[in-house]
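The structure appears below as structure tokens.
The values are calculated or read from the model by the stated rules, or taken from the named source; none is laboratory data. The structure displayed is predicted, hence computed values, not measured ones. We place every Cβ from the backbone using ideal geometry, glycine too, and count neighbours over all the protein chains shown.
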Amino acid sequence: MTVLITGASGFVGSRLAYALVADRGQRVVCLARGSLASAHRRIREAVGAHGALSQEARRRLLCVAGDVTQEWLGMSAADYARLAADVTAVWHCAGDIALAGERERLFRVNTHGTANVLRFAELTAAGCRVVHISTMVVAGGRTDGIVREDDLTDAYGFETHYDASKFEAEQLVRAWAQRTRRPVVVLRPSVVASDAPVLEGAAGHPVAVFGQMIDVVGRAGAPGIPAPAQRAESFRLRLRLRVSPDATFNIVPDEYATQAMLRIGHDFRHEGPGAHTFHIVHGQPTPIRDIIAVIEAHYPILRVECVQDVPDPTPAELFIAQHLTGFFSYCRHRRTYDRTRALAATPGLPEPVAVDAAYLRRALSFEGAPLAVSRTA
């Protein structure tokens, strides 16, 4: 069996590619941008970061130079047709995750790119499995209530252009599945995170990025923030964040998310045509207050406040806002996610580990003991 996977150098895609080639014994062809040599090097590094590959597995991990935004996926017409005749599954993981990115850029990759992948999939054999990696943010601006696995509406608007682009991509997937009378598996992960150290050069995850920005402020790495030597023991740095104190994040550990997606996308038999949608989420959402508590415990100089607006931002608040605008767009949600279908399709899969204070500290990349406040004025 041959699997074509897009986005195999990304945080989620690389984990899926590794599991498909190492655990499921698949021949995996990774579509990657750039020259074939550079694409092959990036993919080997990204996939190999998740564990050693046997010589046989390395032979089954292949690359093809291409781009989901281009006609024929950036390949020659002959290579495009040859690959379509060969693959038995298509995993579309590629996407632009710039939460505050420009609309045109996000739609070009996330929406138009999905249309191109579906066009390719239409040339494959009828039994070829198509798996589309979506996201929970297709729920848009809905702040509360339960999001069902079949729900897909624009009635609540969208927080960012990223949400809208992924929503439109799912609309394309549903229309394609209905028109072709073929099944498509749609997987909607929440915030996939890892509590393992982020390797240099490897794709990161949103929780680690948030932690890195907080670390810059906590260590006075941004302009206008008092250096440690200038801080008295009683010094506290006020950090107002535009978040709701009652907001929750659904953070799902990467190991659980990967196994759930594999069992649903690769192992489970899906009956009948149409889009079969599954939520890859944690059963217990993480309160924003828990994240703030971990931040304040590690950086005693920080006093984090949840506010609706920051009319006169300090240098530290400006720094955070400039780097995490998209992230904060989701910090007023209290909605929860149904996962009835996902649980039914993954019998025996252990629940994800608890996203407690210890896990959050590691996921935020907070290393070592809490940072002490200088005793000099």
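Just a few scattered comments:
- The helices (runs of 4 or more DSSP H) falling completely within the stretch 266-377 that include 2 or more residues that are of a type in the set (Val, Ile, Thr) map to 288-298.
- Failed item, numbered, when Arg361 is tested on (1) surrounded by 15 or more Cβ atoms within 10 Å (Cβ to Cβ); (2) of a type outside the set (A, V, I, L, M, F, W, C); (3) at pLDDT below 85: (3)
- Of all the criteria given as (1) at pLDDT below 95; (2) of a type in the set (D, E, K, R); (3) under 19 Å from Val28 (Cβ atoms), the one not satisfied by Arg129 is (1).
- Condition check for Ala321: under 25 Å from the mean Cα position of the chain (by Cα) and small (Gly, Ala, Ser): yes
- Residue in the stretch 300-318 that is in the same structural domain as Gly218 (by TED's automatic domain parsing), among the charged types (D, E, K, R) and in contact with a helix residue (DSSP H, G or I) (Cβ under 8 Å, 6 or more places away or on another chain) present: yes
- Hits in the stretch 344-362 (condition: more than 16 Å from His298 (Cβ to Cβ) and either in contact with a Cys (Cβ under 8 Å, 6 or more places away or on another chain) or among the small types (Gly, Ala, Ser) (or both)): Ala344, Ala345, Gly348, Ala354
- The single residue among Thr124, Thr160 that is farther than 24 Å from Val209 by Cβ, in contact with a helix residue (DSSP H, G or I) (Cβ under 9 Å, 6 or more places away or on another chain) and either at pLDDT below 95 or not assigned by TED's automatic domain parsing to the domain that holds Ala321 (or both) turns out to be Thr124.
- Residue match in the stretch 320-329 (condition: in contact with a Cys (Cβ under 9 Å, 6 or more places away or on another chain), in the same structural domain as Ala358 (by TED's automatic domain parsing) and under 22 Å from Ser190 (Cα atoms)): no
- The stretch 163-196 - residue that is among the polar types (S, T, N, Q) and more than 25 Å from Phe210 (Cα to Cα) and, of those, surrounded by the fewest Cβ atoms within 10 Å (Cβ to Cβ): Gln178
- Lone qualifier among Phe327, Phe319 - being in contact with a Phe, Trp or Tyr (Cβ under 8 Å, 6 or more places away or on another chain) and surrounded by 14 or more Cβ atoms within 10 Å (Cβ to Cβ): Phe327
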